[in-house]
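This report refers to the structure that appears directly beneath it.
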Amino acid sequence: MLLVESMLALSILTVLGLVLLKLSLNILHPRQMVLQQVLTDAYLTCERASAERIPFDSLLADNSPWPEFPTTSTTQEEIGRLPGDRPIYGTVTRTRLPDADNFPIDGGSGSPDTTNPAAMRIWKVQSVITYTVGGRNYAKSRTVLRSQ
């Protein structure tokens, strides 16, 4: 009888342990999604800082990291690492768009008399990151206005 009681107690403890393990895994899964969101936000913050500090001449050069629209620059980047040293990868697409009031030489249709008397050059510098989590695709973007 003692053997049956101890076997029953061990069975109950095993079932209870498995239920608690399943509950703890259900709690951790949403945290993985939040961690991936934080990593992509941090990566885009670095992209934005890079777009704000690049010299204007380098931004407008032929070999710029942000080519003029409709041309885009696409690279596969490691965004960060999850616990367990698992890397997260995303595709970063970069481009720049001229403002409509820029002079025609700068990609716009502005004129010195009416639309652009200060001869400003304004560009929208855009970075878009796409990544996959749990079989679903996500995209985030950051746009910086640069002027000279």
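Data table
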read-out	value
Tabulated pairs, segment 86-97, first under 14 Å from Q37 (Cα atoms), second of a type in the set (V, I, T) and at pLDDT 90 or above, C-beta under 8 angstrom, 6+ apart or interchain	G90/I129; G90/T130
Exclusive hit being at pLDDT 85 or above and farther than 30 Å from V38 by Cα, set N102, N63	N63
Residue within segment 11-26 that is closer than 21 Å to Q126 by Cα and among the basic types (K, R) present	no
Residues (at pLDDT below 90 and either surrounded by 14 or more Cβ atoms within 10 Å (Cβ to Cβ) or touching a strand residue (DSSP E or B) at 6+ places or on another chain (Cβ under 7 Å) (or both)) located in segment 74-89	E77, E78, I79, G80, R81, L82, P87, I88, Y89
Hits in segment 42-71 (condition: over 14 Å from the mean Cα position of the chain (by Cα) and either farther than 20 Å from W123 by Cβ or surrounded by fewer than 15 Cβ atoms within 10 Å (Cβ to Cβ) (or both))	E52, R53, P55, F56, D57, S58, A61, D62, N63, F69, P70, T71
Inter-residue pairs, beta-carbon under 8 Å, first without any contact (Cβ under 8 Å) to a residue 24 or more places away in the chain and outside any helix (DSSP H, G or I) and in segment 15-27, second surrounded by 10 or more Cβ atoms within 10 Å (Cβ to Cβ) and of a type in the set (G, A, S), 6+ apart	none
Contacts under 8 angstrom Cβ, first residue in segment 54-74 being more than 10 Å from R96 (Cβ to Cβ) and free of Cβ contacts under 8 Å to residues at least 60 places away in the same chain, partner surrounded by 14 or more Cβ atoms within 10 Å (Cβ to Cβ) and among the aliphatic types (A, V, I, L, M), 6 or more apart	T74/V92
Pair list, Cβ under 6 Å, 6 or more apart: segment 122-140 residue over 17 Å from T45 (Cβ atoms), other residue at pLDDT below 85 and basic (K, R)	W123/R146
Sole residue being modelled with pLDDT of 65 or more, touching a helix residue (DSSP H, G or I) at 6+ places or on another chain (Cβ under 7 Å), in a strand (DSSP E or B) and not small (G, A, S), chosen from V144, V128	V144
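The values are calculated or read from the model by the stated rules, or taken from the named source; none is laboratory data. Just so you know, these numbers come straight off a predicted model, no measurement behind them. Neighbour counts run over all protein chains shown; Cβ positions are idealised from the backbone, glycine included.
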